[in-house]
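Only the coordinates and a few stated rules stand behind these numbers; no lab work does. Predicted model only: the values in this text are computed from it and were never measured. In this analysis, Cβ positions are derived from the backbone assuming ideal geometry, glycine residues included, and neighbour counts consider all displayed protein chains.
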Amino acid sequence: MKKILVTGGLGYIGSHTVVALQQAGYEVLIIDDCSNADKDFLDRITSITSIRPQYFSIDLKDQLKTNQFFENNPVDGVIHFAAYKAVGESVEKPLMYYRNNLMGLINLLEAMNENKVDHVIFSSSCTVYGQADQMPIDEQTPLKKPESPYGKTKQMGEEILEDYASTYQKNVICLRYFNPVGAHPSSKIGELPKGIPNNLVPYVTQTAAGIRECLSVWGDDYPTRDGTAIRDYIDVNDLADAHVKAITRLMEQKNKTNLEFFNLGTGTGSTVLEVVNAFEKANNLSVNYKIQPRRAGDIVEAFADNSFAKKELNWQPTISLEESLRNSWNWEQNLGQEK
Ligand code: WQD
């Protein structure tokens, strides 16, 4: 049974990926410092798969502990999620983001190299494209200067991995997610933002649950079909499946080069108001919202050309936006019942 380390495995996309890996027959080890995750996700994962992953409370900024993990735990590959990801917070605290996201990555890669771990999947983001000049966005779309320090850490992370792959002959896949949404159909795991949600869908579900008074729709004066900004909302379970397919590609040495990039989106763009309306329709309720001025740093439009991932990873998004939004609402309600 191949052993895979998932860093940030108690987080949103990380936990869904751990479940999918276990269900695909992998043995999973988790490193998470719980700075932006809840340790009870270990129980939640176990309640879905009946397999308790080995968990290590390690901050990847601690080089000694990171090295010791690899010396004591031989693994076949790594999926690296552990990073800070709040765009707004990164603007306020850039050095905290550079230290955490880049030093964490460098310590991880050094420890992998010291211990002959040759395969890594990197959690990247469509943010590296900035506001692309044309849609849909494919992997050859030129990268632009990201709007935030968060986005810059993703772009710098890819640069670091390019040199890592070539200098040390490692196998690297960078997965560029568009907008992750949804929750596990069991409602046992989902997105659990700390404090006020930055992202659209958790803010919608918390407004519907009465936790938030009113959703602010940031800008309705964009050059789009209804004036609100367009994004590609990809279900977290489909994202998890893509990670299983990507690590399996490396385990079976089917990668064509030792550095590959894949855009993970549905290929369809949705406006903010279309998401709100889809949520209301899917869950038969109404969401209180108010149009507000644009949010600084937002781009107008982004949606993926996912044909390369479809072809090379044999991957296909299967969950519709409505189903994602039903799962998100069920997760939010389950959270409320647990309190
Ligand atoms: C989506 C749209 C907002 C909140 C995210 C992640 C980033 C990356 C890409 C993975 C925008 C609008 C939002 C609200 C709103 N993912 N909105 N009211 O900014 O596209 O970036 O996906 O790496 O890490 O942050 O996502 O959900 O914040 O915004 O109107 O309360 O919804 O203006 O148009 P974004 P988002």
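Here are some notes:
- Shape call, segment 44-176: gyration tensor on alpha carbons, a/c limit 1.5: prolate
- Rounded, prolate or oblate (a/c below 1.5 giving rounded, otherwise prolate when a/b exceeds b/c) for segment 177-275 by Cα gyration tensor: oblate
- Taking every alpha-carbon pair under 8 Å whose residues sit at least 6 apart, the chain reaches a relative contact order of 19 percent.
- Charge dipole magnitude, Cβ of K and R +1, D and E -1 - the chain, Cα centre, debye nearest 20: 260
- Rg/Rh, computed from the Cα trace of the chain with Rh as the Kirkwood radius, has the value 0.94.
- GluC sites (Glu not before Pro), loop per DSSP, at most 12 other Cβ atoms within 10 Å - longest free stretch of the chain: 1-212
- With a Förster radius of 25 Å applied to the beta-carbon distance between residue 277 and residue 298, the computed FRET efficiency rounds to 0.80.
- All lysines inside 29 Å of residue 339 as judged from Cα atoms, apart from same-chain residues fewer than 8 positions distant: 39, 85, 188, 194, 281, 290
- Subset of 116/256; 154/311; 116/154; 144/254 violating a 28 Å alpha-carbon distance limit: 144/254
- Extension reserve of the residue 62-residue 323 stretch, reckoned as 0.36 nm per residue once the Cα distance is removed: 90.0 nm
- Remark: segment 212-218, residue by residue, has Karplus-estimated 3J(HN,Hα) of 10, 5, 7, 7, 8, 9, 7 Hz, where x stands for each Gly or Pro and the curve is 6.51 cos²θ - 1.76 cosθ + 1.60 at θ = phi - 60°.
- Whole-Å semi-axes of the ellipsoid equivalent to segment 239-310 (Cα gyration tensor, √5λ, descending): 35, 16, 10
- Restricting the trypsin sites (Lys or Arg not before Pro) of segment 113-170 to loop positions (DSSP other than H, G, I, E, B) with no more than 12 neighbouring Cβ atoms within 10 Å leaves 116.
- Counting only DSSP H runs of at least 4 residues, each contributing -39500 (n - 2.57), and dividing by the residue count of the chain, the helix-based mean residue ellipticity at 222 nm comes to -12000 deg cm²/dmol.
- Lys, Arg +1 and Asp, Glu -1 on Cβ, resulting dipole of segment 86-180 about Cα centre, debye, nearest 20: 180
- Here segment 1-36 is scanned for amide nitrogen atoms under 17 Å from the site 7 Å beyond the Cα of residue 314 along Cα-to-Cβ, giving 21, 24-26.
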